[in-house]
Amino acid sequence: TPQALIPRPETELVVQRAIQLLDGKSSAVVLDIGTGSGAIALAIAHACPAITCVAGDVSEDALALARSNAEKTGLQQRVEFRHGNLFEVIASGEAFDLIVSNPPYIPSGEIAALQPEVQHDPPLALDGGPDGLDIIRKLIAGSAPFLKKEGWLVFEIGQHQADPVRQLLVE
């Protein structure tokens, strides 16, 4: 629907990595930042019955779609949906075993040249600022206080962003 980004094959890699990291855990709590349709949180909840998810999004329309998808998949009891931007969805004292995200990472100047099917996605879900890293910078800078010891931050990035993202993580 127009409310959220259409998940693409690259997002499956993020989900697969998250599931690998959670494998064998008897319980875990996952935060999905910018949940959109809820595809990531719902796929993880489905694959890992011992975990619970908090799924946040700044878009009320996207959250309505995600809640509907949770009901359709029978996962509404294991995924809690919250409205807010990035870490605003976290309650005081909460910490997560895994923070996952498919943030907007397309550089603003490249959006007009994307494939026609991507043009239907909400601009809020695509536009990562001039270099595509605006939200990624915030994810990296803000995640540590909300990750449990041995916690993970997993997120999707663009094709040519590995080196700058690696540098942000090192810094």
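Could we say that A112 is open to solvent by less than 30 Å² (accessible area, probe 1.4 Å), over 22 Å from V170 (Cβ atoms) and assigned to a helix (DSSP H, G or I) here? Give the derivation first.
Values: open to solvent by less than 30 Å² (accessible area, probe 1.4 Å): no; over 22 Å from V170 (Cβ atoms): yes; assigned to a helix (DSSP H, G or I): yes.
No; evaluated as a whole, the condition is false for this residue.
Would you confirm, using the coordinates I've provided, whether A4 is on the phi < 0 side of the Ramachandran plot, assigned to a loop (DSSP other than H, G, I, E, B) and within 13 Å of the chain's Cα centre (by Cα)? Even if it seems obvious, please write down each step before you answer.
On the way: on the phi < 0 side of the Ramachandran plot: yes; assigned to a loop (DSSP other than H, G, I, E, B): yes; within 13 Å of the chain's Cα centre (by Cα): yes.
Yes, satisfied.
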Handout entry: Condition check for P122: surrounded by 11 or more Cβ atoms within 10 Å (Cβ to Cβ), modelled with pLDDT under 95 and not aliphatic (A, V, I, L, M)
Key = yes
Fill in the blank from the handout: Scanning region 58-88 for residues that are among the hydroxyl-bearing types (S, T, Y) and touching a residue at least 40 places away in the same chain (Cβ under 8 Å) gives S59
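Given the residues I33, I19, which is the only one that is under 26 Å from I106 (Cβ atoms), of a type in the set (A, V, I, L, M, F, W, C) and over 13 Å from the mean Cα position of the chain (by Cα)?
Numbers: I33 fails: over 13 Å from the mean Cα position of the chain (by Cα).
Selected residue: I19, the only one of I33, I19 that is under 26 Å from I106 (Cβ atoms), of a type in the set (A, V, I, L, M, F, W, C) and over 13 Å from the mean Cα position of the chain (by Cα).
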Exercise for the section: Could you list, in sequence order, all residues of region 1-56 that are modelled with pLDDT of 95 or more and of a type in the set (D, E)? Expected result: D32
Exercise for the section: Could you tell me whether region 93-102 includes any residue that is closer than 14 Å to D32 by Cα, modelled with pLDDT of 95 or more and open to solvent by 80 Å² or more (accessible area, probe 1.4 Å)? Expected result: no
Completion exercise
Of the residues in region 24-33, those that are surrounded by fewer than 12 Cβ atoms within 10 Å (Cβ to Cβ) and either among the aliphatic types (A, V, I, L, M) or in contact (Cβ under 8 Å) with a residue 24 or more places away in the chain (or both) number 2
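Against the condition of a type in the set (A, V, I, L, M, F, W, C) and modelled with pLDDT of 95 or more, how does V79 come out, does it pass? Write out each step before concluding.
On the way: of a type in the set (A, V, I, L, M, F, W, C): yes; modelled with pLDDT of 95 or more: yes.
Here the answer is yes, as V79 does meet what is asked.
Does A55 satisfy the criteria of being part of a helix (DSSP H, G or I), touching a residue at least 24 places away in the same chain (Cβ under 8 Å), open to solvent by less than 30 Å² (accessible area, probe 1.4 Å) and of a type in the set (G, A, S)? Don't jump to the end; show me each part of the working.
On the way: part of a helix (DSSP H, G or I): no; touching a residue at least 24 places away in the same chain (Cβ under 8 Å): yes; open to solvent by less than 30 Å² (accessible area, probe 1.4 Å): yes; of a type in the set (G, A, S): yes.
When the stated conditions are applied, A55 does not pass them.
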Problem - Condition met for L86 (farther than 21 Å from G158 by Cβ, open to solvent by less than 40 Å² (accessible area, probe 1.4 Å) and either at pLDDT 95 or above or not aromatic (F, W, Y) (or both)) - result: no
Exercise for the section: Of all residues in region 40-52, count the ones that are more than 10 Å from R78 (Cα to Cα) and crowded, with 24+ Cβ neighbours inside 10 Å. Expected result: 2
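The values are calculated or read from the model by the stated rules, or taken from the named source; none is laboratory data. Note that the structure is a prediction, hence the values are computed from the model and not measured. Methodologically, a virtual Cβ is constructed for each residue, glycine included, from the backbone with ideal geometry; neighbour enumeration extends over all protein chains shown. The area values use the complete protein model at the heavy-atom level, side chains included, leaving out ligands, DNA and RNA. Shrake-Rupley method; radii C 1.70, N 1.55, O 1.52, S 1.80 Å.
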